[in-house]
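Report on the structure given below.
The values are calculated or read from the model by the stated rules, or taken from the named source; none is laboratory data. Everything quoted here is computed from the prediction, not taken from an experiment. Here Cβ is always computed from backbone atoms with ideal geometry, including for glycine, and neighbour counts include all displayed protein chains.
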Amino acid sequence: MIPFLVKLILAHLIGDFILQPTSWVQHKNLRSYKSIYLYLHILIHFILLLLLLWVHQVMICLIIALSHWIIDVLKIEYTRKYHKITRTAFFVDQILHLLVIVAVTYSLYYNAWNEWWINISMYKLMILLTCIILVTQVSSIVVKQIMSYWNINFNNEENSLKNAGKYIGILERILIFTFVISNQPASVGFLVAAKSIFRFNDLSRDKDRKITEYILIGTFLSFTLAWLIAWMYLYLNSFF
């Protein structure tokens with residue numbers, strides 16, 4: 001049951017966070033169920049599910065793909081009607097997708113455990129790949145959605161590299177994830193110290209307390225997500 005569940009979650013993460021450009025999301029939000037990219041997005045999910053579950057699970061792939069289309073359309077219509085609460089819509093959308101995945105898995109494995117056609121090494125590889133997607137793309141979007149609660153304007157934004165904050169966050173989470181799963185949690189302290197040194201001058205020059213608090217919240221949120229994902233990885237691997 002666990003390998004089957006991991007496959008469904010992995011397909012969802014790749015389809016929703018890796019193979020869905022921002023331009024597709026914008027077009028979907030604009031055109032809703034009339035958007036061609038909505039159907040391309042669902043087709044990608046269907047193909048990913050087929051690749052991971054193979055042809056004998058076509059009906060399962062169709063059910064999940066159809067549910068994904070329904071949830072996405074409902075989210076888009078809800079967001080278009082109440083455009084000020086897109087952050088809430090994002091989290092509800094992801095929760096609903098995961099609930100469908102859990103429900104499908106539970107219905108298939110309610111009475112008995114099926115044969116595991118995937119060996120342990122491949123299973124661990126899929127767990128690692130899932131966690132990497134979580135710690136990079138998914139965490140970036142989650143942090144962005146949560147931090148959008150505060151509308152902060154940075155006066156010197158034009159002097160920054162494009163998307164620099166996003167990639168800094170991804171790199172620091174990868175490092176934290178690596179340190180924790182390698183049983184080197186003390187190294188995280190050096191990372192925090194190094195970032196504090198680089199950030200000290202920026203924060204000391206900026207007299208706006210809100211910006212300082214904004215940066216600290218974002219940093220600690222990013223670090224916390226990396227720790228949680230690393231612990232999840234260790235926990236799942238403890239079964240094998």
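Within region 204-231, restricting attention to residues that are loosely packed, with under 15 Cβ neighbours inside 10 Å and either in contact with a Cys (Cβ under 9 Å, 6 or more places away or on another chain) or modelled with pLDDT under 85 (or both), which residue is nearest to Ala186 (Cα to Cα)?
Leu216
Applying the selection to region 42-61, what residues are surrounded by 13 or more Cβ atoms within 10 Å (Cβ to Cβ) and either under 16 Å from Leu108 (Cβ atoms) or not assigned by TED's automatic domain parsing to the domain that holds Ala103 (or both)?
If the condition is that a residue be surrounded by 13 or more Cβ atoms within 10 Å (Cβ to Cβ) and either under 16 Å from Leu108 (Cβ atoms) or not assigned by TED's automatic domain parsing to the domain that holds Ala103 (or both), then Leu49, Leu52, Leu53, Gln57, Val58, Ile60, Cys61 are the ones that fit.
How many residues are at positive phi and either surrounded by 22 or more Cβ atoms within 10 Å (Cβ to Cβ) or not in a helix (DSSP H, G or I) (or both) if we restrict to region 2-41?
Of the residues in that region, 0 qualify.
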